[in-house]
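Participant: I have a structure here, written as structure tokens, and I will follow up with some questions on it.
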Amino acid sequence: MQSKNPLISDFAKLANSAAGTFAGMTREARESARERMKEALGGMDFVSREEFETVKLMAARAREENEALKERIAELESKLT
């Protein structure tokens, strides 16, 4: 519905432009916050699940090897005495 009053028409255009500007500002603020969050989290030393599982497996193998070596040392010490 168009108004014959140019003042109302101009005000409607201004309000429409302001709404578009506000929407753009909101979108830009959201993207900026997302980028700041990525940078903050990127600076932390997180490991991937795959890296964690690999190190976990390595630690388990090292414990097993340590136990085997303890048994071997105990066996060799018993032979010496």
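Participant: Which residue pairs have Cβ atoms closer than 6 Å, lie 6 or more positions apart in sequence or on different chains, and pair a first residue in segment 1-16 that is at pLDDT below 85 with a second residue that is in a helix (DSSP H, G or I) and of a type outside the set (Phe, Trp, Tyr)?
Facilitator: Ser3/Ser9
Participant: If you don't mind, there's one more thing I want to ask. Would you pick out the residues in segment 1-49 that are among the hydroxyl-bearing types (Ser, Thr, Tyr) and surrounded by 10 or more Cβ atoms within 10 Å (Cβ to Cβ)? Quick ask: steps written out before the conclusion?
Facilitator: Restricting attention to segment 1-49, the residues satisfying the condition of being among the hydroxyl-bearing types (Ser, Thr, Tyr) are 3, 9, 17, 21, 26, 32, 48.
Scanning segment 1-49 gives Ser3, Ser9, Ser17, Thr21, Thr26, Ser32.
The values are calculated or read from the model by the stated rules, or taken from the named source; none is laboratory data. This is a predicted model, so every value here is computed, not measured. Ideal geometry is used to build each Cβ from the backbone, glycine not excepted, and the neighbour counts take in all protein chains shown.
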